[in-house]
Amino acid sequence: MAKHRLQQPNRGMKSARGALIAGSITLGAMGMAAAPAMAAPITVPGVGTFDIPGVTEGQIPNELKPQNILPQAAAPQAKPVGQIAADAAVSKIGSPYVYGAAGPDAFDCSGLVYWSHQQAGQNIPRDSYGQLGGGTSVSAADAQPGDVVIYNGGGHAGIYIGGGQVVHSSTEGVPVAKMGLNDQSVLDIRRY
């Protein structure tokens, strides 16, 4: 008798089926990679804007969408040191003159200037002659708030507050007051 071969399934068909499955998987993977990824921008104030994967635009609350974030206000600019000193001197208008006093309740001329600059974080000489010797000389036309105005040969000092005005503490019985820059003989104007 002749030997009969057992019929085996068609090997060509099996290979074709395997190639079809492998190709489908490959095409599917490529199709997935080619699809646009879901990501929505979200803004964290003061930090930045980020794309969040897997989130759609509709899932982001309106207040976190970049177009709805208000720009942060700029930080307020600090006052110049001279303006702080000038404002401190103005705050003492009406305080009594006391020889040798440097505040906070009574002042002589250089004591008022000294105390005002301390409020601005500056340490300047305590007496009017020392104040004349420090800082940098500026012209009356260039005077700015906080500049120290020296009068009467160096024996008197006041603090320029702008607008052609000086705050000073003049003499016993007269409280701290404003006067015009040129109401007395200006020797020098010093900027610290």
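Of a type in the set (S, T, N, Q) and in contact with a strand residue (DSSP E or B) (Cβ under 6 Å, 6 or more places away or on another chain): is that true of SER137 in this structure? The answer is yes for SER137.
Tally time: how many residues in region 175-190 are open to solvent by 70 Å² or more (accessible area, probe 1.4 Å), among the charged types (D, E, K, R) and closer than 12 Å to TYR160 by Cα?
1
Answer yes if at least one residue in region 99-110 is open to solvent by 20 Å² or more (accessible area, probe 1.4 Å), more than 31 Å from the chain's Cα centre (by Cα) and in contact (Cβ under 8 Å) with a residue 60 or more places away in the chain, and no otherwise. Yes, the conditions are met somewhere in region 99-110. For HIS168, state whether it is surrounded by 14 or more Cβ atoms within 10 Å (Cβ to Cβ) and within 14 Å of ALA89 (Cβ to Cβ). So HIS168 fits the description; yes.
Can you name the residue in region 123-150 that is surrounded by 23 or more Cβ atoms within 10 Å (Cβ to Cβ) and not aliphatic (A, V, I, L, M) and is also nearest to VAL90 (Cα to Cα) among such residues? If we take residues in region 123-150 being surrounded by 23 or more Cβ atoms within 10 Å (Cβ to Cβ) and not aliphatic (A, V, I, L, M), then GLY146 is nearest to VAL90 (Cα to Cα).
Yes or no, residue by residue, for (1) open to solvent by 50 Å² or more (accessible area, probe 1.4 Å); (2) over 25 Å from the mean Cα position of the chain (by Cα); (3) over 30 Å from LEU132 (Cα atoms); (4) at pLDDT below 55:
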site	(1), (2), (3), (4)
ALA2	yes, yes, yes, yes
GLY23	no, yes, yes, yes
ASN68	yes, no, yes, no
ILE84	yes, no, no, no
TYR97	no, yes, no, no
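Need pairs with beta-carbon distance below 7 Å; first residue at positive phi and within region 125-143, second surrounded by 14 or more Cβ atoms within 10 Å (Cβ to Cβ) and of a type in the set (Ser, Thr, Tyr); sequence gap 6+ or separate chains. Sorted first by the residue in region 125-143, then by its partner, the pairs are GLY135/TYR192.
The values are calculated or read from the model by the stated rules, or taken from the named source; none is laboratory data. These numbers come from a predicted model, not from an experiment. All Cβ positions, even for glycine, are placed from backbone atoms using ideal geometry, and neighbour counts span all protein chains on display. In case anyone asks, the SASA skips ligands and DNA or RNA and just uses the protein heavy atoms, side chains included. Shrake-Rupley method; radii C 1.70, N 1.55, O 1.52, S 1.80 Å.
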